[in-house]
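The values are calculated or read from the model by the stated rules, or taken from the named source; none is laboratory data. These numbers were taken from a predicted model, which means no experiment stands behind them. Cβ placement follows ideal geometry from the backbone for every residue including glycine, while neighbour counts extend to all protein chains displayed. All accessible areas refer to the heavy atoms of the entire protein, side chains included, with ligands and DNA or RNA removed. Shrake-Rupley method; radii C 1.70, N 1.55, O 1.52, S 1.80 Å.
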Amino acid sequence: MKAVTAEIITIGDEILFGQIVDTNSAWMGTELTKIGIRVKQITSVSDDATHIVAALNDARTRADAILITGGLGPTKDDLTKTVLTEYFHTELQLHEPSLADVQAIFKNRNIELSELNRQQAFLPAACTPVRNAIGTAPGMWFEEDGKVFVSMPGVPFEMKRMMTDIVLPQLKAFFDPPQIIHKVVQTVGIPESTLAETLEPWETSLPPHIRLAYLPHINGVRLRLTGTGQEPEKLEDDLLEQLNQLTDLISPYIFAYGEISLEEVVGMLLNARNYTIATAESCTGGYLAHKITSIAGSSMYFMGSVVAYHNDVKVKELKVNPEILAQYGAVSEQVVREMAENVRLKFGTNVGVATSGIAGPGGGTPDKPVGTIWIAYSDKEKTVTKQLRYNKGRLLNIEYTAMVALNLIRQSLTGTVEE
């Protein structure tokens, strides 16, 4: 069973200058995986013929399909068609169906077709034209030495239409690639290194057609099991068997399966219990409320928030005891406990959550350095507090605090809070 690989080459100075973000490659990688083609590399090159040729030569040494986007416009800096014509030792010739498409587009726009735009219907004789149903630049399909080269416009909606209608089906028919299936496991509250140590014996024993990838980010570690095979049903069974073994090893840290966020899971848990929630935020400045309300339907369970950044607001709006503030300081277990309990009472919710800390870069002391943060969860039965020591810069401190607060909500609602 031979894996089929692809390389994506994006052409354009505007990508390298940072003037536009290459979203095409991410979309293409996702769609190629669905038909069993694994992207080996993504390369971006400038509008320079020498660079484009070098990229093509390199790509053909490591990939079966080379997919190119960009450089097909009518202006002088659009070199892709010219370079490919020379690369495949052919010449340009008029492709009448492409000319008809271009003429129709200009007619519908009530614009006279210029000679420059007419030239877009001239394509390399050695290629199979790929129709552009919604633009003026046709794509090009070349085959050489068992490799496939496809050139498409860089305009995302034109490329996506071309890929969906023509390129993906033809690639699947040409290569007959094996099936690729992903299973994603979302974890939180356990470092990547600890995960790797825990899973090492199991990971080592994985069958050759199943691989594990660790994808760490601020909200935890995504684990991706990838299976490759010609029989989809058997592959699905094999993946589920390994997924069950994985779950047994790290179940306390798994918050979801598939592409779902921690805030979505929290919302589902609150909805399942008919619970409402309110937040009292100091160091996170409303970011926790933002994460909760980023989920559609959050109005069913989110009642409101108090951003009590100043101590006067903590006292006035949240009824924090001034004596406790004076004795322990705003960044303390005692204060964050009162914030969580009192915001719950203020909004009449089932759950109250609070954050207070020193996000930095200034404001730290020897006893409470930057990155010292307290969070609290409160419901009618209990109040749970947690101290963090995390200093990766102000914005990351805020993001990390919100993530830990969301996880504390999840753990409290599911009865899995670590003592």
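Worth a mention:
- Filtering region 152-168 to residues that are open to solvent by less than 70 Å² (accessible area, probe 1.4 Å), over 15 Å from Ile11 (Cα atoms) and not aliphatic (A, V, I, L, M) leaves only Glu158.
- Residue check, Ile52 under 20 Å from Thr75 (Cβ atoms), buried (at least 17 other Cβ atoms within 10 Å of the Cβ) and either free of Cβ contacts under 8 Å to residues at least 40 places away in the same chain or out of contact with any helix residue (DSSP H, G or I) (no Cβ under 6 Å at 6 or more places or on another chain) (or both): no
For (1) open to solvent by 20 Å² or more (accessible area, probe 1.4 Å); (2) assigned to a helix (DSSP H, G or I); (3) without any contact (Cβ under 8 Å) to a residue 12 or more places away in the chain; (4) on the phi < 0 side of the Ramachandran plot, each residue gets a yes or a no:
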site	(1), (2), (3), (4)
Lys183	yes, no, no, yes
Gln186	no, no, no, yes
Leu195	no, yes, no, yes
Pro201	yes, yes, yes, yes
Arg211	yes, no, no, yes
Val221	no, no, no, yes
Leu235	no, yes, no, yes
Asp238	yes, yes, no, yes
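- Subset of region 1-34 that is surrounded by fewer than 17 Cβ atoms within 10 Å (Cβ to Cβ) and hydrophobic (A, V, I, L, M, F, W, C) - its residue that is nearest to Leu56 (Cα to Cα): Leu16
- Test: residue in region 125-132 that is surrounded by 12 or more Cβ atoms within 10 Å (Cβ to Cβ), touching a strand residue (DSSP E or B) at 6+ places or on another chain (Cβ under 9 Å), more than 22 Å from Gln170 (Cα to Cα) and charged (D, E, K, R): no
- Residues in region 139-169 that are touching a strand residue (DSSP E or B) at 6+ places or on another chain (Cβ under 8 Å) and in a helix (DSSP H, G or I): 6 in all.
- No other residue among Lys380, Lys386, Lys346 is open to solvent by 60 Å² or more (accessible area, probe 1.4 Å), on the phi < 0 side of the Ramachandran plot and part of a loop (DSSP other than H, G, I, E, B) apart from Lys380.
- The condition of being outside any strand (DSSP E or B), more than 34 Å from the chain's Cα centre (by Cα), closer than 25 Å to Thr23 by Cβ and without any contact (Cβ under 8 Å) to a residue 60 or more places away in the chain does not hold for Gln103.
- Enumerated strands (runs of 3 or more DSSP E) restricted to region 1-94, each holding at least 2 residues that are under 21 Å from Thr128 (Cβ atoms) and of a type outside the set (Val, Ile, Thr): 4-11, 65-69, 92-94
- Matching helices (runs of 4 or more DSSP H) fully within region 277-334 where at least 3 residues are surrounded by 15 or more Cβ atoms within 10 Å (Cβ to Cβ) and of a type in the set (Asp, Glu): none
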